[in-house]
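Enquirer: One structure is given below, represented as structure tokens, and several questions about it will come after.
The values are calculated or read from the model by the stated rules, or taken from the named source; none is laboratory data. The structure presented is a predicted model; accordingly, all values stated were derived computationally and were not measured. Methodologically, a virtual Cβ is constructed for each residue, glycine included, from the backbone with ideal geometry; neighbour enumeration extends over all protein chains shown. Note: accessible area is taken over every heavy atom of the protein model, side chains too, but ligands, DNA and RNA are not part of it. Shrake-Rupley method; radii C 1.70, N 1.55, O 1.52, S 1.80 Å.
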Amino acid sequence: MKVIVLGADGYLGWPLSLRLMAKGHEVVGVDNFVTRKNVREVGSDSAIPIPEMAERIKAAKEVHGFKMKFHEGDITDYDFLHKVVKEEKPDTVVHFAETRSAPYSMINAKHASYTMTNNISGTLNLIYSIMEVNPLIHVVKMGTMGEYGTPNFDIPETAFVDVEINGKKDRITTPKFGGSWYHWSKVHDTNNILFANKVLKLTATDIMQGPVYGTRTTEITDERLHTRFDFDEVWGTVVNRFCVESVLGVPLTVYGSGEQIRGYLSLEDSIQALSLLIENPPERGEYRVANQFVELLSINNIAETVKKAAEKEGIKVNIGKYENPRVEADRHYYKPEIKVLPKLGFRPTLKMADLAGQLVKDLVPYKKHMAKFHDRILPYTNWRRTENTR
Ligand code: NAD
Ligand code: USQ
């Protein structure tokens, strides 16, 4: 199968590209390196330094014999994206090329608008490029579990739900309520993909994924093959942040009550799930939604797990309590459905409790590098402020 990976330089895009090549697929990467730039903008860096793309591709060839093609460019430029799709004639396009930080989108008007524009127009350009080049191409679009918010009902893994309003029955799109401008950009993407499926018969898998953690996948066997690993208050996700905080001796940054629940999964499991969805496309012209997570955990559960794992490695950890900078429910019901991936054979590998120790150990050699960005760890970006300048 020939697969274009939009966002191939990213945390998920790079390991997925390696996995697909390991499975014998042809991979064409696309990226404009904007995450590298935006992380520098907030004064931070990947905890684990990563080489430039040319070096990554060279290393993949030397270590595993993989041959990867790459196009540098911005997918919000329609002519660029259309040319790549036309030239490469893929079977599948995986779409990761979006701005993915909730806090970044909440910094101020400029960042809110950038997040919306980048994410929504990239997806629209992809829909039109596919329709003009070959409408049979399968789009694997990365959305987020955060599109649903934290509703007081069991979250169905469906595009539509049946409702009765004022005595009349109908079907409406599954209710969503994002918790940041970033999460709303994903909701808008989902609506646009659903509409493209309805009017243009786009074949799409829309993945609702929870926060991912970890440093490793089977193919990351050499220092030059590492994927990026963000940990600052804007770009880092909670589990990865807690592991870095343990190594640097920062009390773990539990926001609010710590009772917020999300569906977490390891990098290895994310890549396994993505491979299954790519290799098992939906019917032609079908819109398929797939919820993607492994464990439902609260922030307090995670803090305890990371503390226990780090202490086993001889690192003393304190759990801190911080005022929640976000506007979110911190005591809520949470029960999302997951049936599509298990039906395709998805079998999670290791749980967070088994992986956290290794994760902490993997970070220790980079302690000096991470310490340079120590002042970017504590929460600063606040949902209630319209201007979050330091
Ligand atoms: P990432 O920022 O590391 O990777 C995204 C890549 O896309 C980056 O390399 C970036 O440079 C590129 N990109 C962004 N806009 C682009 C554009 N206009 N043109 C070309 N390239 C562009 O993020 P990630 O963690 O790998 O996430 C990948 C996708 O998965 C994102 O859509 C994110 O919203 C989603 N997601 C991530 C997580 C997580 O925990 N990491 C969880 C759920 C969903
Ligand atoms: N949190 C803390 N302490 C921290 C960081 C976060 O308590 O130091 C809490 C947050 O308040 C939130 C939860 O942890 O309740 C998750 O926050 P996060 O920063 O790990 O994740 P989030 O902002 O939701 O975004 C991440 C990715 C995003 C993806 C999303 C999946 O950055 O791209 O879409 O996870 S989900 O959370 O399911 O929406």
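Enquirer: To the nearest 20 Debye, how big is the dipole of the range 240-390 about its Cα centre, given +1 on the beta carbon of each Lys and Arg and -1 on that of each Asp and Glu?
Expert: Taking the Cα centre of the range 240-390 as origin, the dipole is about 340 debye.
Enquirer: With a 10 Å cut-off between alpha carbons and a GNM built on the chain, which of 73, 314, 258 moves the most?
Expert: The residue that fluctuates most here is 314.
Enquirer: Looking at the chain, what % of its DSSP beta bridges pair antiparallel, to the nearest 5?
Expert: Bridges in the chain that DSSP calls antiparallel: roughly 20 percent.
Enquirer: Quick one: accessible area per residue over the range 2-376, 1.4 Å probe, rounded to a whole number of Å²?
Expert: 42
Enquirer: How large, in percent, is the carbon and sulfur part of the accessible surface of the chain at a probe radius of 1.4 Å? Mind dumping the intermediate values first?
Expert: Numbers: 8900 of 16710 Å².
Roughly 53 percent of what the probe reaches on the chain is carbon or sulfur.
Enquirer: Given 96, 190, 366, which one lies farthest toward the positive end of the charge dipole of the range 2-376, if we put +1 on the Cβ of every Lys and Arg and -1 on the Cβ of every Asp and Glu?
Expert: Toward the positive end, the furthest listed residue is 366.
Enquirer: Show me the trypsin sites (Lys or Arg not before Pro) within the range 291-370 that DSSP assigns to loop and that have at most 13 other Cβ atoms within 10 Å of their Cβ. Spell out each step's value before the answer.
Expert: Details: sites: 307, 308, 312, 316, 321, 326, 331, 339, 343, 351, 361, 367, 368; in loops: 316, 326, 331, 339, 351.
Those that pass, being in a loop and sparsely packed, are 316, 331, 339.
Enquirer: Roughly how many whole Å is it from the C-alpha centroid of the range 221-273 to that of the range 117-137?
Expert: Each part's Cα centre sits 31 Å from the other's.
Enquirer: Quick check: the distance between the Cα centres of the range 46-63 and the range 301-378, to the nearest angstrom?
Expert: For the range 46-63 versus the range 301-378, the Cα centre distance is 25 Å.
Enquirer: Count the net charge of all other residues whose Cβ sits under 11 Å from the Cβ of residue 26, scoring Lys and Arg as +1 and Asp and Glu as -1.
Expert: +3
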